[in-house]
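All remarks here apply to the structure that follows.
Quick note: the coordinates plus some simple rules give every number you see, no bench work behind them. In this text, all values refer to a predicted model and were calculated from it rather than measured experimentally. Every residue, glycine among them, receives a Cβ derived from its backbone with ideal geometry; neighbour counts consider all protein chains shown.
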Amino acid sequence: MFLSPENLRALKEPLGLLLEDKDVTRQKLDSFFENAKLIVSVGDATTDRLNRYGIVPRVCVVDGRERRAQRKSIGGDSALQNQQVLELKCSNPAGTISRRAVEVLVDAVRYSNINPVRVIVHGEEDLLALPILILIPVGSVVLYGQPLKGIVIVEVDSNTRRTAKDLMDSLGIEWMQGYDDAVAV
C-alpha cells in the first residue's frame, strides 16, 4: 500500500489528546477511565506503561516490537501472567489493515467482557487503532503511543469513529460493512 505524503501527515496527527510522557500519571489516566465502557491499548510500550500503573486494558493489541525493533517480551507479559487472559493471534503486514486482523479484533471485543484479551499481531499493529475505534462502543477509551512524545488518549464518540472511517477510506482500506452495527452497541 502506498502512503501519500498527505496520508502520512494525517496518520502522524494524534486522533485524541496527546498526554506528554512527563505528564502521564496514574491519577491523570484514571480521570479518563471513570466512565469508560471499555479500555483498549494499542502498542507494546503503551500496554506495558499502563500495566506499570496497575491498569490492565480489557483489550490490548501488541506485536512484540517497539519503534520497529524487536522487544525482549511482548507487551502485557508481566501484568497478564497471573490473570486468565485470552490470547488471539493474527497477521497484519506493515502499513495495512488486513481483513483477518479485523476479524480477530471483532472477536477480541466480543470476548473482552469475559476476560482480558491480548491480540498478538505478526507484522505491525500500528494502524489497527483505526478499526478498533469503529468496533468498540461509544464511551470507550483507546490509548496508543506517539513515538518519543507520549500517549494518545482517544475517547470514542461518533466524531472519532467518523475520523477513523475517513482515514481508512483515504488509505484505500475497505471497511467491512456490518461490523460497526453488530459490535459497537
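Taking 35 Å as R0, compute the FRET efficiency from the Cβ-Cβ separation of R100 and K28 and round it to 0.05. Intermediate values should be presented prior to the final figure.
On the way: r = 36 Å, r/R0 = 1.02.
That pair, R100 with K28, gives E of 0.50.
Going highest first, how would you order 155-168, 117-130, 99-112 by mean Cβ packing within 10 Å? Present the calculation step by step, with values, prior to reporting the outcome.
Values: 155-168: 16.1, 117-130: 22.4, 99-112: 18.7.
In decreasing order of mean packing, 155-168, 117-130, 99-112 become 117-130, 99-112, 155-168.
At a 10 angstrom cut-off on C-beta neighbours, averaged per residue, how do the peptides 38-49, 19-30 rank from highest to lowest? Walk me through the numbers on the way to the answer.
Details: 38-49: 24.5, 19-30: 12.3.
Result, highest mean Cβ count within 10 Å first: 38-49, 19-30.
Give the lysines reachable from K165 as a straight Cα distance under 30 Å; neighbours fewer than 8 places away on the same chain don't count.
K12, K28, K37, K89, K149
Write down the Kirkwood hydrodynamic radius of the stretch 5-173, to one decimal in angstroms, obtained as one divided by the mean of 1/r over all alpha carbon pairs. Show your work: numbers first, answer last.
On the way: mean 1/r = 0.0633 Å⁻¹.
One decimal place: 15.8 Å for the Kirkwood radius.
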